[in-house]
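Novice: To start, I am sharing the structure in question, which I have written as structure tokens.
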Amino acid sequence: MTPTFFLLFSGTISLFIGILGILQAGFLPYFWFDFPENLVHTGFGALALWAARRASMAFQRQFVLWTSLLAFVIGVLGVVVQDQPSPNFFGITNLEHPLDNALHLTFGIVGLWASVSGKGKGHGIA
């Protein structure tokens, strides 16, 4: 998987989730994102899509590496704080559902893999 493909994929999903969450909070029964989380998802999605199309491969690899590390840490912290009263993440937002934490962990792991694999600016998975 190339960093470009990961940015296109994760950026599209994040932008969709962020915008849908802003327009209709609690759009899925398994995911509920509060306003700060929706803003972060929207901003990340927009920046990821921009980077996939306009940034150098070196920038893409670094962006994917650092945002994936952040997603992984958020997933781990979410597991630790998910049973705490809200807002349970540094008093800013909630990480309350195991699926939310699994999504952050998955994006973190796949993004770390994408940051070290792939040979060019191709959009493929291989």
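Derivation of every value follows stated rules applied to the coordinates shown; laboratory data play no part. Predicted, not measured: the structure shown is a model, and the values here were computed from it. Positions of Cβ are generated from backbone atoms using ideal geometry, with glycine treated the same way; all protein chains shown enter the neighbour counts.
Novice: Output wanted: per-residue J couplings in Hz (rounded whole) for segment 106-114, from phi through Karplus 6.51 cos²θ - 1.76 cosθ + 1.60, θ = phi - 60°, x for Gly and Pro.
Specialist: Here the 3J(HN,Hα) series is 5, 4, x, 5, 5, x, 4, 4, 5 Hz.
Novice: Would you please give the residues with an amide H less than 5 Å from that of D34, counting only those at least 5 places away or on a separate chain, with H modeled from the backbone geometry?
Specialist: N94
Novice: OK, next. Determine the gain in length on full extension of the stretch R53-W66; use 0.36 nm per residue of separation and subtract their C-alpha separation, reporting nm with one decimal. Spell out each step's value before the answer.
Specialist: Values: separation 13, 0.36 × 13 = 4.68 nm, distance 1.84 nm.
Taking 0.36 nm per residue and subtracting the Cα distance, the gain is 2.8 nm.
Novice: Same structure again: Could you list D83, D100, D34 in order of exposure, starting from the residue whose Cβ has the fewest other Cβ atoms within 10 Å?
Specialist: Ascending Cβ contact count within 10 Å gives the list D83, D34, D100.
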